[in-house]
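> Dropping a structure here in structure tokens format, bear with me for questions.
The values are calculated or read from the model by the stated rules, or taken from the named source; none is laboratory data. Small disclaimer: the values here were computed from a predicted structure and weren't measured. When we count neighbours, we look across all protein chains shown, and the Cβ atoms used for this are built from the backbone with ideal geometry, even at glycine.
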Amino acid sequence: MPADRIRHVALSSVTLPLANPVSDAKVLTGRQKPMTEIAFLFAEIATHDGQRGTGFGYSKRAGGRAQYAHAKEVAEGLLGEDPSDIGRVYDKLLWAGASVGRSGVATQALAAIDVALWDLKARRAGLPLAKLLGSYRDEVRTYNTSGGFLHAPIEEVKERASASLQAGIGGIKIKVGQPDTKADLRRLAAVREHIGDDVPLMVDANQQWDRATALRFGRAVEEFGLVWIEEPLDAYDAEGHARLAEALDTPIATGEMLSSVAEHVRLIEARAADVIQPDAPRVGGITSFLRLATLADHAGLDLAPHFAMEIHLHLAAAYPREAWVEHFEWLNPLFEERLETRGGRMVVPDRPGLGFTLSEQCRRWTVERVEYGKA
Ligand SMILES: [Mg+2]
């Protein structure tokens with residue numbers, strides 16, 4: 001049987017507006033402005049046999065335009081390729097941009113394409129991506145992040161925690177890392193009291209503590225029985241994270257800001273986290289994610305991928321250890337379909353591929369689009 005070939009590629013730059021400006025600790029320490037929108041790069045790939053795949057990557061604040069620009073430079077190289085050969089095709093695009101490296105924007109530009117190729121492969125097989133990869137579970141533990149940001153007054157955080165739990169989401173994460181640590185502790189105590197001792201609870205400092213503050217905070221909150229403390233330190237301080245993980249009973253989670261497999265390898269080898277939090281679009285796609293997930297499992301780490309639940313639900317379902325998926329409803333308007341949560345878990349959709357179709361709203365939010373090959 002002759003191989004099917006890629007005949008058409010479309011890249012779209014889409015700006016998703018957020019309902020309210022969002023602040024985590026990076027805003028309260030003055031390092032960033034509140035986030036008002038997210039830039040998405042969508043890749044849609046079609047073959048001569050009529051197979052289709054859609055993938056996406058993203059950037060919060062600056063960087064989205066650069067991802068789109070780099071993807072445009074290399075996307076034509078997809079035409080005529082066999083979409084089954086994801087590794088080889090990915091390498092080809094990587095070599096085309098070798099001068100700008102194998103991490104960060106360079107590979108994030110390829111992530112949308114890589115995700116589209118995996119989506120296409122699973123769709124063609126008639127399987128959800130999790131099943132194509134080899135699933136360990138059909139539902140994945142899930143926790144909500146979007147209700148616990150620092151711009152929200154504590155009463156709103158409590159209301160949204162209740163709403164999340166009622167919607168079948170199993171855990172609650174709140175943001176900490178403010179310059180005033182006592183304010184963090186007050187919010188944490190209020191949420192723990194509100195949801196009770198049995199609901200899984202996490203905190204996320206978004207890299208805003210120094211080592212001493214992280215250790216003091218970690219010791220002060222051992223009694224809360226947190227599932228993890230996330231990004232207590234600078235994302236690249238592997239040694240500091242390792243010392244913290246050693247000193248505390250509460251597990252340490254980090255990894256969302258890392259932008260390559262190699263950066264994650266350093267984290268894993270330093271024993272810097274109990275829970276690793278890779279982000280497929282940030283590390284260059286599903287191909288890269290699977291490489292580092294294998295290493296993380298081998299090292300005995302738990303997995304809680306960052307953001308983009310539409311992709312990560314499948315990857316978490318295919319991780320050998322019981323994983324968590326992060327619930328964010330922000331991306332809902334981009335797609336026709338919705339993910340189901342029940343009994344604390346998110347259900348892997350039985351639709352082929354990732355199981356998503358771009359919405360009309362997503363088309364309206366498209367700021368630029370380019371196509372290669374024959375539609
Ligand atoms: Mg985080």
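> From (1) among the aromatic types (Phe, Trp, Tyr); (2) closer than 30 Å to residue 203 by Cα; (3) not assigned by TED's automatic domain parsing to the domain that holds residue 291, pick out the condition that doesn't hold for residue 143.
(3)
> Still on this structure: Whether any residue in segment 291-311 is touching a Ser or Thr at 6+ places or on another chain (Cβ under 7 Å) and more than 26 Å from residue 87 (Cβ to Cβ) is what I want to check.
There is no residue in segment 291-311 that is touching a Ser or Thr at 6+ places or on another chain (Cβ under 7 Å) and more than 26 Å from residue 87 (Cβ to Cβ).
> Against the condition more than 16 Å from the ligand (Cβ to nearest atom), within 18 Å of residue 227 (Cα to Cα) and in a helix (DSSP H, G or I), how does residue 132 come out, does it pass?
In short, no.
> Checking the structure you have, find out if any residue of segment 193-212 is touching a strand residue (DSSP E or B) at 6+ places or on another chain (Cβ under 9 Å), over 30 Å from residue 347 (Cβ atoms) and assigned by TED's automatic domain parsing to the domain that holds residue 294.
yes
> Please note which helices (runs of 4 or more DSSP H) are completely contained in segment 267-375 and include at least 2 residues that are over 14 Å from the mean Cα position of the chain (by Cα) and within 30 Å of residue 236 (Cβ to Cβ).
So the answer is 286-298.
> Just checking, which of 252, 195, 174 is among the β-branched types (Val, Ile, Thr), away from the ligand (no atom under 16 Å from the Cβ) and on the phi < 0 side of the Ramachandran plot?
Residue meeting the stated conditions: 195.
> Hey, residue 99 hits all of (1) within 28 Å of residue 167 (Cα to Cα); (2) of a type in the set (S, T, N, Q); (3) away from the ligand (no atom under 16 Å from the Cβ) but one; which does it fall short on?
Here residue 99 clears every test but (1).
> I would also like to ask the following. Within segment 138-148, can you find the residues that are within 16 Å of the ligand (Cβ to nearest atom) and farther than 16 Å from residue 331 by Cβ?
143, 148
> Oh, and also: State which residue is surrounded by the most Cβ atoms within 10 Å (Cβ to Cβ) when the search covers only segment 80-113 and only residues that are of a type outside the set (Gly, Ala, Ser) and farther than 22 Å from residue 279 by Cβ.
83
> Specify which of the listed residues (44, 76) is surrounded by fewer than 21 Cβ atoms within 10 Å (Cβ to Cβ), among the acidic types (Asp, Glu) and at pLDDT 95 or above.
Only one candidate passes the filter, namely 76.
> Also, I was wondering about something else. Restricting to segment 198-243, and then to whatever is away from the ligand (no atom under 16 Å from the Cβ), more than 20 Å from residue 183 (Cα to Cα) and hydrophobic (A, V, I, L, M, F, W, C), can you tell me which residue is surrounded by the fewest Cβ atoms within 10 Å (Cβ to Cβ)?
242
> Is there any pair linking a residue in segment 306-331 that is farther than 19 Å from residue 168 by Cα and within 16 Å of the ligand (Cβ to nearest atom) to one that is assigned to a strand (DSSP E or B) and among the acidic types (Asp, Glu), with Cβ under 8 Å and at least six apart or on different chains, and which?
Listed pairs, sorted by first residue: 306/326.
Each row is one residue, and each column tells you yes or no for (1) under 17 Å from the mean Cα position of the chain (by Cα); (2) within 16 Å of the ligand (Cβ to nearest atom); (3) surrounded by fewer than 21 Cβ atoms within 10 Å (Cβ to Cβ); (4) modelled with pLDDT of 95 or more.
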| site | (1), (2), (3), (4) |
| --- | --- |
| 10 | no, no, yes, yes |
| 29 | no, yes, yes, no |
| 53 | no, no, no, yes |
| 57 | yes, no, no, yes |
| 66 | no, no, yes, yes |
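> Checking residue 41 against (1) more than 19 Å from the chain's Cα centre (by Cα); (2) not in a helix (DSSP H, G or I), which single condition isn't satisfied?
Here residue 41 meets the rest and fails (1).
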